[in-house]
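The values are calculated or read from the model by the stated rules, or taken from the named source; none is laboratory data. Note that the structure is a prediction, hence the values are computed from the model and not measured. Here the Cβ positions follow ideal geometry from the backbone for every residue, glycine too, while neighbour counts run over all protein chains shown. All accessible areas refer to the heavy atoms of the entire protein, side chains included, with ligands and DNA or RNA removed. Shrake-Rupley method; radii C 1.70, N 1.55, O 1.52, S 1.80 Å.
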Amino acid sequence: MTWETASDTTALITAEHGSSAPKNTARVTKGDSAPANTESQTSNIPAGTAGTVGTSRSNANKSNGLKKEADNVPEGDTAGTVGTSAPGQPLGNEADPQDGEPLNAKIKRPCFMNHNAPFVLDGIEKPKPAGLWWHGFRQRKGESENEDIRISDPIEVTAISRDEHGGNFGRQLRFRNSEGRWCKRVLPMRLLSEGGAELRRELLDMGHTHSLRYRARLADFIMESQPMGRIVAATTTGWHDNASAFVLPHRTLGNQDFSFSAEAMRSTYFDTRGSLKGWREQVASKASDNPIMMLCLCVALAGPLIWPAKQQAAGGLGFNLRGGSSKGKTTGLQMAASVWGSPQFLRPWAATGNGVEALAASQNDTCMVLDELGQASPHEAGSMVYMVANGVGKQRAARTGGIREAQRWRLMLLSSGERSLASHMSEAGKTAKAGQDARLLDIPATGQIYGAFDDTQGMNPSDFANAIKTATAEHYGHAGMEFVQFLLKQKDLPALYHETMQDPAFAGAQGGVASRAAGAFGLLAMAGELATDAGITGWQLGASLEAIKTCFDLWKSERGSLPPEDTAILDGVSSFIQRHGDSRFSELKPPIAEPPPKVPNRAGYWHDVNDNRVFYFQKAELEEAAKGYDAKTIAGVLNTAGWLYEKETGRLAVKKRVNGNLTRLYAVLPKESDQ
């Protein structure tokens with residue numbers, strides 16, 4: 001049995017139903033009336049409101065102009081509804097298909113038919129409710145009689161879907177939920193296996209109800225439907241088709257041949273409320289003359305630029321607002337979250353590595369906002385930062401023994417915390433590598449005039465923060481979409497990014513970490529200026545560029561002149577001496593009359609020279625002092641910094657006689673200015 005879906009007066013069926021069922025073929029096209037039917041007769045319908053206009057198959061894949069889909073209007077290879085007589089409605093105006101008198105449905109049995117409004121059959125006065133129906137025959141006492149079974153709430157199959165690689169086929173469904181709203185979702189065909197229980201569970205979760213007695217027929221209807229529409233089901237948000245389509249869970253911007261897969265839709269919080277105008281006037285305006293707040297909004301806006309402007313296929317960069325508690329850091333994060341969604345778009349750092357990976361994949365090409373770095377496990381924090389910034393999840397095995405495709409993403413990370421990543425990792429005895437510091441740039445955020453604020457616009461800082469919090473709960477989710485709409489119209493974003501990076505503030509950065517950071521800050525400046533040019537922020541042109549330069553200077557002054565690895569090594573050795581200088585070291589040349597002291601867990605020896613104490617480290621204990629680095633690397637950094645008091649020619653260590661034996665030791669004399 002094969003059939004095609006239809007709405008209200010359409011019977012798009014080619015079917016055979018037992019020996020007594022005639023073989024019928026009928027089709028309703030755009031603008032046509034339903035064909036005459038020998039089984040169900042139609043009465044004359046008085047003139048009423050105009051019916052909705054059907055859509056043709058030839059237009060199924062074209063862009064809809066990005067306008068919001070109107071409720072209760074069937075689309076995608078369906079016919080228009082018949083006009084109805086609705087009291088109080090002037091002749092010719094469109095009305096909700098559920099208003100007015102029930103429609104007289106025209107059918108050719110046997111068939112499935114989707115009715116978007118109540119209807120009557122065969123002149124029977126009692127109307128039947130809207131929904132997906134089976135109109136067939138049944139045998140009773142040796143005779144064939146009509147059978148009409150309601151299967152579910154209204155539902156249509158509008159398109160066949162597949163993923164970007166030509167697999168994972170599915171169906172795009174359009175259905176009415178329990179609140180009367182029309183929803184559109186893409187569900188994979190594998191949910192129809194084993195009787196379709198998984199598919200029905202998904203539909204129930206989304207508010208679509210069905211008959212438990214006839215639930216198997218819902219799976220039959222979807223399985224056998226062959227719509228002409230074709231779409232690509234995206235499993236991640238963000239750019240697709242070489243940046244011609246930007247996919248969000250509930251909407252696609254640009255090329256409408258792409259739609260988000262419902263399987264990945266749960267708990268993404270890409271919601272909207274209020275208006276862009278309200279967001280601009282009550283949220284973005286509060287960031288004016290506040291560089292830290294402008295930085296937060298620019299980080300949120302920069303996500304969609306990573307691929308089309310920077311041409312970076314995966315990964316991104318993070319910014320950590322570091323500073324005291326209750327100083328405005330979280331307020332900045334709330335502003336950033338409002339660019340893309342509800343207040344729940346802001347998540348805590350309290351998560352496992354797997355959880356952060358799933359979250360990053362679900363927010364591809366946007367921004368991940370995580371509050372309070374101190375809530376993350378110090379054992380996992382460094383690896384999570386690496387993973388998010390590199391844009392690739394863990395490699396896992398498939399059930400069949402093969403390799404599952406690793407999740408990938410591009411995004412910006414905005415974080416907050418009272419301590420830096422390196423300080424937090426030290427709790428677990430771990431040392432931050434330069435790569436980690438380079439991927440999560442530490443911004444001292446609470447040293448402004450009022451914590452994280454410079455201008456509270458006449459309010460006290462607490463009221464100012466509360467006003468922002470209230471505004472971000474009333475207006476959110478519009479700025480990100482509007483920015484993407486603007487980017488779709490831009491032709492040469494890489495050239496614009498290159499031009500931005502020619503600014504002396506960014507072009508003069510030297511070294512791997514500094515250069516990488518300059519590229520990230522440059523992207524933020526570009527995002528802010530483009531959003532201002534698009535009329536999204538309401539800021540003055542050039543304001544975001546100046547704010548980002550200020551924040552870049554804050555980062556550079558906090559980082560200092562030494563590379564992060566060198567700083568970590570020097571800090572580790574200095575801290576070790578401060579903690580164990582008296583307990584794990586003893587005098588290198590004790591008085592002859594005294595027996596050598598017993599030192600448990602010895603780290604080395606000390607010797608006073610010109611009012612300074614030199615610490616002679618054993619190799620293993622030197623590596624203990626700067627965990628994560630070998631003795632040669634540590635000694636090289638100490639030598640470059642001028643911390644090695646003495647050494648042999650061609651070596652970084654020196655031989656000393658200890659208890660009659662020659663022992664190779666590392667002579668460390670910390671410089672006070674570097675500690």
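Below is a table of values for the structure above.
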| read-out | value |
| --- | --- |
| Share of carbon and sulfur in the accessible heavy-atom surface of the stretch 259-338 [1.4 Å probe, %] | 41 percent |
| Residues Glu648 and Asp463, FRET efficiency given R0 of 51 Å [Cβ-Cβ distance, rounded to 0.05] | 0.20 |
| His607 - accessible surface, heavy atoms, 1.4 Å probe, Å² rounded to 10 | 50 Å² |
| Surface accessible to a 1.4 Å probe, per residue, for the residues of the stretch 261-401, Å² | 34 Å² |
| Probe 1.4 Å, all protein chains present, accessible-area order of Thr235, Thr537, largest first | Thr235, Thr537 |
| D (Stokes-Einstein, µm²/s), Kirkwood Cα radius, the stretch 98-212, 0.692 mPa s at 37 °C | 207 µm²/s |
| Backbone HN-Hα couplings from phi across the stretch 627-641 [Karplus 6.51/-1.76/1.60, Hz, Gly and Pro as x] | 4, x, 10, 7, 4, 5, 5, 4, 5, x, 5, 4, 5, 4, 7 |
| Long-range amide H partners of Trp606 with built H, under 5 Å | Ser586, Glu587, Leu588, Tyr616 |
| The stretch 628-675 - Rg over Rh from alpha carbon coordinates, Kirkwood radius | 1.02 |
| Under the Debye formula (equal points on every Cα, no solvent term), log10 I(q)/I(0) of the stretch 264-379 at q = 0.20 Å⁻¹ | -1.26 |
| Probe 1.4 Å, protein heavy atoms only - accessible area per residue of the stretch 110-194 in square angstrom | 44 Å² |
| Calculated from backbone phi, Karplus (6.51, -1.76, 1.60) coupling profile of the stretch 564-577 in Hz, x at Gly/Pro | x, 4, 5, 4, 5, 5, 4, 5, x, 5, 4, 5, 5, 5 |
| The stretch 521-580 - convex hull of the alpha-carbon atoms, volume per residue in Å³ | 96 Å³ |
| The stretch 422-576, accessible area per residue, ligands and nucleic acids excluded (1.4 Å, Å²) | 41 Å² |
| Selected from Trp279, Asn290, Ala336, residue furthest toward positive end of dipole (the stretch 256-388; charges at beta carbon) | Asn290 |
| Solvent-accessible surface (1.4 angstrom probe) belonging to Lys647, in square angstrom, nearest 10 | 100 Å² |
| Nearest-20 debye value, the stretch 618-675 charge dipole, Cβ charges on Lys, Arg, Asp, Glu | 320 debye |
| The stretch 205-253 - percent of accessible surface contributed by carbon and sulfur, probe 1.4 Å | 48 percent |
| Under-5 Å amide H pairs with Leu103, H placed in peptide plane, nonlocal only | Phe119, Val120 |
| Cα gyration tensor shape for the stretch 583-625, rounded if a/c is under 1.5, else prolate or oblate | oblate |
| For q = 0.13, 0.21, 0.25 Å⁻¹, Debye-computed log10 I/I(0) when each Cα of the stretch 113-168 counts as one equal scatterer | -0.51, -0.85, -1.01 |
| In Hz, Karplus ³J(HN,Hα) per residue of the stretch 237-250 (6.51, -1.76, 1.60; θ = phi - 60°; x = Gly, Pro) | 6, x, 6, 9, 6, 6, 6, 9, 9, 10, 9, 10, x, 10 |
| Sulfur and carbon atoms: percent of accessible area, the stretch 583-675 [1.4 Å] | 47 percent |
| Arg584 - accessible surface, heavy atoms, 1.4 Å probe, Å² rounded to 10 | 20 Å² |
